[in-house]
Every structure is written in C-alpha cells, then in structure tokens.
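Structure first, then comments.
The values are calculated or read from the model by the stated rules, or taken from the named source; none is laboratory data. Just so you know, these numbers come straight off a predicted model, no measurement behind them. Reconstructed Cβ throughout: ideal geometry from the backbone, glycine too, with neighbour counts over all protein chains shown. Quick note on the areas: whole protein, heavy atoms, side chains included, nothing else; ligands and nucleic acids left out. Shrake-Rupley method; radii C 1.70, N 1.55, O 1.52, S 1.80 Å.
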Amino acid sequence: MAYLPLWREFQARLLCVRDRLPMACLMCRTRTPGGLCRYCRQAVCDSMASAQRRCERCDGLLASDSVHCADCPALTPALERVVAAFDYAWPGDLLIQRLKRRGQFSCVPVLAGLLAARCQAVRSLDAAAAPPLGVGAGAWVTAVPSSRRALVVRGYNPAGEVGRALARRLGLEWRPELLQRTRERAGQTALGREARRHAVRGLYRCTQAGVAGREVVVVDDVMTTGSTLSAVADVLKAQGAAKIWGVVLARTPQRSSG
Ligand SMILES: [Zn+2]
Ligand SMILES: [Zn+2]
C-alpha cells in the first residue's frame, strides 16, 4: 500500500485548495475563503485565545491559582492529552448544533479545519518541528460511536463526520470501526460527574487487531466531564494502544467545576 501516503498528501492539498475558495460564511453569509470569515472565526475561537488560563492536559478552564482543571483528577491516565477547538458557548455551539440537529454538512470541513488548527497550535507549543499533537504518521483516527438510536434518527454520526475530515487534514488513517458500543443507554446530558462515569462503564469495546503499539486519536463533539473519553481510552489502552489523544470540538466550561 505504498501509494497511501501519497493519496493522503493529495487529499490534504485538496483541502488547502478548498480553504482558499470563496464561499458564504456559515454564520454571517459574507463571501469568504473556506466558509468561515475572519470575524466569525475569531468569535468562535475567542474562548481558547482569550487571557483565561487553560489546563495543559485537557484544555479546561483553570482557576487562578491551580495547575489542573476540575475535570483532570477524574480523567484516566490512559489519555495523553485532550484538545478542544473552542468552548461550548455562543456562537461556536451553533455550528455544532447545525451539524447535529439540522444535518448541515457544510459545517464539517469548517469544524474539522478549526480542530486541525488547534491540533497544530498544540504541536507548536511543544516543538516547532513536531507533527500536530506530536502524533506519528502511523497513528489512527477514530470517533466515539453514536448510539443506534441516534444513528437511526440522524442517519450519521456527527463525531464520525468531523473525525474523517480531520484525519484527511492531518494526513492520518481514518478507522471508523475501531470502537463499538456494547449496549444502548439513555442520554447523559443531565447527569453529574459520578453518574456519567457509571453510565459509560463497559459501554465501549475495541475488537480490531493492530491497535497494539498504535497511537490513536479519538474524536468527539463535546467534552463535559471527560467520562466518555476516559472510558474509550481505557478500552484502547487495554488493547495495547501506545498513546491515546482526545480531540473534541468543544469543552463545556460551565460544567468544569461540577
Ligand atoms: Zn462570518
Ligand atoms: Zn484539565
């Protein structure tokens, strides 16, 4: 499969061309390259660029005198790092809701672009010559699987759509079937930290060979307490994955202390 790196390079270059094509901004409809104008991009990503200190392990908001955020103690050590493109707040939440509730697929390349830029920024903080997130070229990208009910209602997995686009941008292999759910369960939006952790216990499995010794990037749409990413990372670690990164579109800042 010697042609695969070339194919990935070609796809990444195609995306660079797309990002330069003028089209209507997703938010304000101004003609702009790539589908999100400079002002709307700044508004969406302002949370990450603001003076508020961020946790270096999971991008959560920090209290003035702390090194790690309120979510970190509950995160599994199997997670190397969690990266978020923006806070789950206006106006970035609109882009996620348009993809999740209205099936607006034009949001996918824009959201994946924001996520890729955040991954690049984390790379450049660590070492200028390192790849995004510091992952190797053989790393796999996968997404947290949707429930069957959500798949039936939507017909797609929003995290999967963004994950596939992100893998193309990072030039990494996309592995959508790496994780499966073992059962259905009710939504956990209203649950607290402990209840969430209990709800996702044993919820995921990984049966694919080849994950041992592999670096894996797991994509999800929103991180609230990190219980889902922790459960997934534990499963991958148990299968022998070398390192696991969580990459999410948004963090919910209001739950960081809850
Ligand atoms: Zn705009
Ligand atoms: Zn943290």
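Scanning segment 19-34 for residues that are modelled with pLDDT under 90 and within 17 Å of Q104 (Cβ to Cβ) yields a total of 1.
I'd like to check something: does segment 152-164 contain any residue that is assigned to a loop (DSSP other than H, G, I, E, B), of a type in the set (S, T, N, Q) and either on the phi > 0 side of the Ramachandran plot or within 16 Å of the chain's Cα centre (by Cα) (or both)? Scanning segment 152-164 turns up at least one residue that is assigned to a loop (DSSP other than H, G, I, E, B), of a type in the set (S, T, N, Q) and either on the phi > 0 side of the Ramachandran plot or within 16 Å of the chain's Cα centre (by Cα) (or both).
Scanning segment 95-117 for residues that are assigned to a helix (DSSP H, G or I) and touching a Phe, Trp or Tyr at 6+ places or on another chain (Cβ under 8 Å) returns I96, L99, L114.
In segment 86-94 there is at least one residue that is open to solvent by 30 Å² or more (accessible area, probe 1.4 Å), outside any loop (DSSP other than H, G, I, E, B), over 19 Å from P176 (Cα atoms) and modelled with pLDDT of 90 or more. Filtering segment 231-244 to residues that are in contact with a Cys (Cβ under 9 Å, 6 or more places away or on another chain), open to solvent by less than 10 Å² (accessible area, probe 1.4 Å) and more than 15 Å from R201 (Cβ to Cβ) leaves L236, A241. Considered as a group, the residues in segment 116-156 that are open to solvent by 30 Å² or more (accessible area, probe 1.4 Å) and polar (S, T, N, Q) include one that is modelled with the highest pLDDT, and that residue is Q120. Whether a residue is within 19 Å of V122 (Cβ to Cβ), modelled with pLDDT of 90 or more and away from ligand 1 (no atom under 16 Å from the Cβ) was assessed, and R81 passes this test. Taking the criterion of being more than 16 Å from ligand 2 (Cβ to nearest atom) and of a type in the set (K, R), the residues of segment 21-58 that qualify are R29, R31, R38, R41. You will find that of L62, L6, the residue that is modelled with pLDDT under 90 and more than 16 Å from ligand 2 (Cβ to nearest atom) is L6 and no other. Looking only at segment 1-56, filter to residues that are within 16 Å of ligand 1 (Cβ to nearest atom) and among the charged types (D, E, K, R); which one of those is surrounded by the most Cβ atoms within 10 Å (Cβ to Cβ)? This residue is R41. Within segment 232-258, being part of a helix (DSSP H, G or I) and closer than 17 Å to G163 by Cβ holds for V232, A233, V235, L236. The residues of segment 204-223 that are open to solvent by 20 Å² or more (accessible area, probe 1.4 Å), without any contact (Cβ under 8 Å) to a residue 60 or more places away in the chain and assigned to a loop (DSSP other than H, G, I, E, B), listed by number, are T207, Q208, A209, G210, A212, G213. Quick check on segment 65-77: of everything there that is more than 11 Å from ligand 2 (Cβ to nearest atom) and at pLDDT 85 or above, which residue is surrounded by the fewest Cβ atoms within 10 Å (Cβ to Cβ)? So, considering only residues that are more than 11 Å from ligand 2 (Cβ to nearest atom) and at pLDDT 85 or above, the one surrounded by the fewest Cβ atoms within 10 Å (Cβ to Cβ) is P77.
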